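Reviewing the structure listed below.
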Amino acid sequence: MTFLTVCLNPTLQKTLVFDTLGVGEVNRAREERLDASGKGVNVTRVLRQLGEDVVHLTHAGGRDRQLFEALCREDDLSLEIISCESPLRTCTTLLERATGSTTELIEPTRPVEADVEGRVFARYRELLPGVEVVVISGSTAPGYGDDLFARMIAEARRAGSLVIADFRGEPLKRALANEPDQRPQVIKPNLQEFAATFFSGEAARIGEHTGDAKTLDLARGVMQELAESGVRVVLTRGRNPALFLDNQGVFQEAPTIPLEPVNTIGCGDAFTAGFSVSFARDGDLAPAVEAGHAAAAMNAVLLKPGSIRESSRDR
């Protein structure tokens, strides 16, 4: 199967492991690693590890671009990089073994120049012929328009590709405002992203792991409306069961796989990859969600984010 993945907010991911972590103290890590990351890179890496043919479209610039490319080559990733002046950001994960806590430090993203969007979109159109599945993930760097992903999805649908969208906010609303035959066939937000996109007030400010019945009832209502418009929704909820409407239009909850996690960063992206491969093959959401959970579980027991198996440098 041929995949094209898109992420327009790439990053370097620094992972530091501590026995204990003290705020305001000197903390010495006992393990560290650096990986190419960003939601789309993570999805691409897992798709590649699942044996799929995949090309990843992104932008990159600054002094760390060569390092980013080198790390992607180590993972056997095929990249299409649009050059820009915007430097790559570094995000840092702090893992505390004593408590099992994960702390994520996210650097701000620098804006891309005015001409980058046009060059990205032009290259995207050139890459589309022959692509069976398009997966668009994550936020965009400042400088991109809110309608870019909507235009990309419309192009992909006209080209006959299956489109799976894992992004939120105004870009998602714009994509869902497309004509029915130009919308993503599946969207895969987590509950926190879904609430922030479709709800207002207190309901919009919830955690990913919430089990609040009122919030879930609101979500089911929106999911039903989207399903009637031709858009399937898979709502992940962290450690709680994923929620979806099955092929018969009945709400189902698919439990996650119990485990002791090593690093949960990238689990949602691994889910997206595993889900996409299964759904693209037979169009059945239930086994695709199970495949997503399986990939997320494999990611969770590794230190490397967005990965389902160790690489040679990890052994």
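The values are calculated or read from the model by the stated rules, or taken from the named source; none is laboratory data. The model shown is predicted, which means the values in this text are computed figures rather than measured ones. A quick note on method: Cβ atoms are made from the backbone with ideal geometry, for glycine too, and the neighbour counts reach across all protein chains shown.
Of the residues making up the stretch 139-176, those that are of a type in the set (Gly, Ala, Ser), modelled with pLDDT of 95 or more and not in a helix (DSSP H, G or I) are Ala141, Gly143, Gly145, Ala159, Gly160, Ser161, Ala165. Of all residues in the stretch 152-202, those satisfying the criterion of being touching a residue at least 12 places away in the same chain (Cβ under 8 Å), polar (S, T, N, Q) and out of contact with any Pro (no Cβ under 9 Å at 6 or more places or on another chain) are Ser161, Gln182, Gln185, Asn190, Gln192. Considering only residues that are part of a helix (DSSP H, G or I) and either surrounded by 15 or more Cβ atoms within 10 Å (Cβ to Cβ) or free of Cβ contacts under 8 Å to residues at least 40 places away in the same chain (or both), which ones fall in the stretch 68-88? The answer is Phe68, Glu69, Ala70, Leu71, Cys72, Arg73. Across the stretch 37-47, a minimum of one residue is classified as among the small types (Gly, Ala, Ser), in a helix (DSSP H, G or I) and closer than 19 Å to Lys14 by Cα. Reported count of residues in the stretch 194-236, each being farther than 12 Å from Leu176 by Cβ, among the polar types (S, T, N, Q) and at pLDDT 75 or above, is 4. Filtering the stretch 89-131 to residues that are assigned to a loop (DSSP other than H, G, I, E, B) and either surrounded by 15 or more Cβ atoms within 10 Å (Cβ to Cβ) or among the small types (Gly, Ala, Ser) (or both) leaves Ala98, Gly100, Thr109, Arg110, Val112, Ala114, Leu128, Gly130, Val131.
On the given criteria, is Val17 in contact with a Leu (Cβ under 8 Å, 6 or more places away or on another chain) and under 26 Å from Ala150 (Cα atoms)? It is false that Val17 is in contact with a Leu (Cβ under 8 Å, 6 or more places away or on another chain) and under 26 Å from Ala150 (Cα atoms).
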